[in-house]
Amino acid sequence: SPAFEMARLLSVLGVGMDAVRVLGAALVAMAMLGVFVALWQAMEQRRYDLAVMRGLGASRATLLKLVVLEGALTAVLGGVLGLALTQGGLALAAPAMPEMGIARLQSPQWRVMGEVFAVILGCGVLSSLLPAFRAYRLEVARTLAAS
């Protein structure tokens, strides 16, 4: 029966799709951790610069916005590069797929790419919150005296 065979095929493919989703979630978590570590180290290296900015009149909120903006820009640039590489890879691989007996892959729809990009941006902002909060709480006098 075709209905039975389709149900069986979907049950087999469903396990594979779940594994791909878990792998994707793990990759997103590792990327978030990488952005977090990069921002944390950048904030530690620029601690004196941030203290000077505060001494010259920048508000705590300005420093907070600056670090969050840096995280968002890092995520945006990474997302644009990732989506461009994905589209380029699909465009290069598409002509060879039918010859190798592989079904032709479809390029993701704009809606799906927008959702992926929104998740990337959200992860970048989320991973920048702790370094931004640390910049917000920066003690100007102590930092400038230590340097």
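I need every pair where a residue in region 17-30 that is within 15 Å of LEU121 (Cα to Cα) has its Cβ under 9 Å from the Cβ of a residue that is in a helix (DSSP H, G or I), sequence separation at least 6 or different chains.
VAL28/VAL119; VAL28/ILE120; VAL28/CYS123; ALA29/CYS123
For region 123-137, enumerate the residues that are over 13 Å from GLU44 (Cα atoms), open to solvent by less than 40 Å² (accessible area, probe 1.4 Å) and not hydroxyl-bearing (Ser, Thr, Tyr).
The answer is CYS123, GLY124.
Would you pick out the residues in region 53-72 that are free of Cβ contacts under 8 Å to residues at least 24 places away in the same chain and of a type in the set (A, V, I, L, M, F, W, C)?
Within region 53-72, MET53, LEU56, ALA58, LEU69 meet the criteria.
The values are calculated or read from the model by the stated rules, or taken from the named source; none is laboratory data. Keep in mind it's a predicted model, so treat the numbers as computed, not measured. Heads up, the Cβs are rebuilt from the backbone with ideal geometry, glycines too, and the neighbour counts pull from every protein chain shown. Ligands, DNA and RNA are excluded from the accessible area calculation, which covers all protein heavy atoms including side chains. Shrake-Rupley method; radii C 1.70, N 1.55, O 1.52, S 1.80 Å.
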